[in-house]
Each structure stands twice: as C-alpha cells, then as structure tokens.
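Structure, as structure tokens:
The values are calculated or read from the model by the stated rules, or taken from the named source; none is laboratory data. Since this is a predicted model, take the numbers as computed values, not measurements. All Cβ positions, even for glycine, are placed from backbone atoms using ideal geometry, and neighbour counts span all protein chains on display. In case anyone asks, the SASA skips ligands and DNA or RNA and just uses the protein heavy atoms, side chains included. Shrake-Rupley method; radii C 1.70, N 1.55, O 1.52, S 1.80 Å.
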Amino acid sequence: MSVPYAQPYPLPHEADEPGDRKSRFRVAIRDARRHRSAQRLAHAGTGLAHVVRLICQVQQAQTVAAYASRPGEPPTNEVLTTLCDAGVRVILPVLGERLSRQWAVYQPDHELMVRAPGRPPEPPGPPLPAETITEADMVLVPALAIDTMGRRIGQGAGWYDRMLLLVRPDAMSVGIVFEPELYDAGVRPLPQEPHDRRVKAVATPQRWQRTEEPDSRQEP
C-alpha cells in the first residue's frame, strides 16, 4: 500500500514507557485533523456514508453499534441517516459515571445531546446496559489511526477496547479513519499494548477493506 502523502510516524525512544509512543501518535494526528476545512469534512462524511453502505455485513445487519462523531473526526451523521433509512436499528454509546459503558437507541428525529464538554453526542433515550452490544451485527469504532493488521490507536481512555471484548465473534468490527490515518502494517505497523483490541476491517471516506489476520504463532 503506497501512501502519496506524509503520515505521522513517531519512532520509539529508548526511555519510552508503555503508551508513550501512542501518545505521540495522538498528538500528531489530532494536529493534522485540525487543519481540515469544513468543506473537506463534509465531503468526507458523504464519502464515508457511501463506503459503509458497500460493506456486505451492513446489507444483512439488523442492529449496528455506531457513534456520533465529534468535531474533527470523520463525520458520521450521514452514516447514521443511511443506516436508519435502510431499516437498521442503530445504538450509540452513552457514557455514564466514570465513563461507565452503556448504549441508547438512535432516533433520527430526536436531537443528540452533549452532556459534558469533550464527550460525544448521545441519544436522549433511556440507557441500555453494556451487554446490549452483543445484539450488534456490526460495530463502527472511532480511531485516530489503524493499520492493515487491525491495530488501532484510539483516544486513550480504553472505552472501546473494553467494549470490543463483549462483541460477538461473528460480528464485524470496522474502524473509521481518514485515508492518511490508515497505515501499512508491513512498513509502518502501529504500536500495540496487551489490552488493545484489533478491528476486523477499516473504512475511510474513499474505501473499506478487511484487516489481515495476525499469525498467532508470532503475535499475541
């Protein structure tokens, strides 16, 4: 996979503690995201909705666990509309006290609520338990970077790593990033810690692809 643009790729330092290199990735990628114009973001949102519609699991899905994007992220508002128009039940994350894991059903005619600064918009409906994610046939996962082996760098709170432990083995987990945030694992693998959970596929506003299965004899 050739990349015709510069990708941030912080190298490891001898004095790194676990997670230090991922923190440098987060700083670099968040800075790059701040430079996208509103017009480019809107175009990305339209492209992402088209790409998600092409994923074969979406066409048979009854429930999809998605998320409402925050400023600077690949926009998901058109994705949510597309899923609902197709008759899919959509659930979105709800963060309870101390970032407890819950969900709520997304209703297109109900305005999402930002309950605290920095938190993603949430449905106003009654919260559902964390285990509700086991009903999802597909899970859309936010990320700052993903490589072709499914390694993912998130925002750093570990919310989705814990949630992905509950996902059904037959469900499709799809990480969402901008095209420059998809890394070739053969050339630029992303750092991974023992608690990190991989995704089975990645979608950008331009395309989607399944991630490669790790060799269990070589990687945990």
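Using a Debye calculation, one point per C-alpha and no hydration shell, please list log10 I(q)/I(0) for the chain at q = 0.18 Å⁻¹ in order. The Cα Debye sum returns log10 ratios of -1.49. Scanning residues 5 or more positions from Ala143 or on other chains, those with amide H under 5 Å from its amide H are Ile176, with H placed 1.01 Å from N in the peptide plane.
Compute the separation of the alpha-carbon centres of the stretch 128-164 and the stretch 34-58 and state it in Å as a whole number. The stretch 128-164 and the stretch 34-58 have Cα centres spaced 19 Å from each other. By DSSP, the beta bridges lying fully in the stretch 20-145 are antiparallel in about 60 percent of cases. Accessible surface for the chain, divided over its residues, is 52 Å² per residue with a 1.4 Å probe. Within the chain, which is the longest segment that contains none of the trypsin sites (Lys or Arg not before Pro) sitting in a DSSP loop with at most 10 other Cβ atoms within 10 Å? Result for the longest clean stretch: 35-216. Between Glu212 and Met149, Gly150, the built amide H atoms are under 5 Å apart, and every one of these is 5 or more places off in sequence or on another chain. Spherically averaged projected area of the convex hull of Cα atoms, the stretch 94-159: 5.6 nm². Each residue of the stretch 155-165 is assigned a 3J(HN,Hα), and the resulting list reads 6, x, 7, x, 4, 6, 4, 5, 5, 5, 5 Hz, derived from the Karplus form 6.51 cos²θ - 1.76 cosθ + 1.60 (θ = phi - 60°), x at Gly and Pro.
Could you pull out which residues in the stretch 51-74 have an amide N less than 18 Å from a spot 7 Å beyond the Cα of Trp159, following the Cα-Cβ vector? Within reach of a label on Trp159: 64-74. Across the stretch 1-79, C-alpha contacts under 8 Å between residues 6 or more apart give a mean separation that, scaled by the residue count, equals a relative contact order of 29 percent. Against the empirical curve 2.2 N^0.38 Å, the C-alpha radius of gyration of the stretch 79-206 lands at a ratio of 1.07.
Per-atom-type breakdown for the stretch 17-77 gives carbon and sulfur 54% of the accessible area (1.4 Å probe, protein chains only).
Rounded to the nearest 10 Å², what accessible area does Tyr106 show when all protein chains are kept and the probe is 1.4 Å? For Tyr106, the solvent-accessible surface is approximately 30 Å². Given a 10 angstrom Cα cut-off, can you work out which residue in Gly186, Gly154, Gly72 is the most mobile in a GNM of the chain? Among Gly186, Gly154, Gly72, the largest mean-square fluctuation in the Gaussian network model of the chain belongs to Gly186.
Per-residue 3J(HN,Hα) values for the stretch 78-86, derived from phi via the Karplus relation 6.51 cos²θ - 1.76 cosθ + 1.60 with θ = phi - 60°, read 6, 4, 4, 4, 4, 5, 5, 4, 7 Hz in sequence order (x marks Gly and Pro). Report summary: the helix-based calculation at 222 nm, which adds -39500 (n - 2.57) for every DSSP H run with n ≥ 4 and divides by the residues of the chain, gives -7000 deg cm²/dmol. For the chain, relative contact order (Cα pairs under 8 Å, six or more residues apart, normalised by length) works out to 20 percent.
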